[in-house]
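Quick notes on the structure that follows.
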Amino acid sequence: MNFIDAFRISASGLTSQRLRMNVVSSNLANSHTTRTPEGGPFKRKDVVFSSQPLETSFQKMMQAQGNAKLTGVKVVGVIEDPRPPIIKYDPQHPDADEKGYVSLPNINLIEEMVNMMLATRSYEANVTAVNATKRMALKALEIGK
């Protein structure tokens, strides 16, 4: 594998995890939003990832020998969580229905914080991989002196 392939794989991970952090931040920011332009409470969103094969000369050599494919990651989409909203009795709330119930987003703060920690750790791991690849490339250049 050449250095460019390693950078491309790490870059795909960085891009994907950055989007995941943005989606989690949006979920946290809207955890009490009871009114959206579409109507009803905010719906939690989640990111769907998929592997993305890299077609490189090294990849073709690996496939010729029966080895696994090199893959990065790509975001397939951002989906809405299908779970129903939380119904809470609060007759003083401006968005309460005629019976005094309010529909709140079904967002679990602990779950969102765990997702944020996972995205952060994955992002850090990809930064470490980029730095390691950069150090290897620099060492390879030093050998050529």
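The values are calculated or read from the model by the stated rules, or taken from the named source; none is laboratory data. Computed from a predicted structure; not experimentally measured. Cβ placement follows ideal geometry from the backbone for every residue including glycine, while neighbour counts extend to all protein chains displayed.
Name the single residue that is surrounded by the most Cβ atoms within 10 Å (Cβ to Cβ) among those in segment 99-145 being in a loop (DSSP other than H, G, I, E, B) and among the basic types (Lys, Arg).
We begin by selecting, within segment 99-145, every residue in a loop (DSSP other than H, G, I, E, B); these are 99-100, 105-108, 144-145.
Filter once more, keeping what is among the basic types (Lys, Arg): 99, 145.
Working: 99: 8, 145: 4.
Among residues in segment 99-145 that are in a loop (DSSP other than H, G, I, E, B) and among the basic types (Lys, Arg), the one surrounded by the most Cβ atoms within 10 Å (Cβ to Cβ) is 99.
Taken over segment 1-41, the criterion of being of a type in the set (A, V, I, L, M, F, W, C), buried (at least 17 other Cβ atoms within 10 Å of the Cβ) and in contact with a strand residue (DSSP E or B) (Cβ under 9 Å, 6 or more places away or on another chain) is satisfied by 9, 23, 24. For beta carbons closer than 8 Å, sequence separation of 6+ or different chains, a first residue in segment 1-25 that is at pLDDT 90 or above and a second that is of a type in the set (Lys, Arg), the qualifying pairs are 12/74; 16/74; 23/45. Pairing each residue of segment 30-47 that is within 12 Å of residue 112 (Cβ to Cβ) with any residue that is among the charged types (D, E, K, R) and surrounded by 17 or more Cβ atoms within 10 Å (Cβ to Cβ), provided the two are 6+ apart or on different chains, yields C-beta distances under 8 Å for 31/112.
For segment 11-43, filtering for residues that are closer than 20 Å to residue 103 by Cα and of a type in the set (S, T, N, Q) leaves 7. If only residues of segment 60-83 that are closer than 22 Å to residue 129 by Cβ and in a loop (DSSP other than H, G, I, E, B) are counted, the one that is modelled with the lowest pLDDT is 67. Residues in segment 96-128 that are more than 20 Å from residue 28 (Cβ to Cβ) and either of a type outside the set (A, V, I, L, M, F, W, C) or modelled with pLDDT under 95 (or both): 96, 97, 98, 99, 100, 101, 126, 128.
Could you tell me whether residue 88 is touching a Leu at 6+ places or on another chain (Cβ under 7 Å) and free of Cβ contacts under 8 Å to residues at least 24 places away in the same chain? Yes, satisfied.
Considering only residues that are aromatic (Phe, Trp, Tyr) and touching an Asp or Glu at 6+ places or on another chain (Cβ under 8 Å), which ones fall in segment 89-145?
If the condition is that a residue be aromatic (Phe, Trp, Tyr) and touching an Asp or Glu at 6+ places or on another chain (Cβ under 8 Å), then 101 is the only one that fits.
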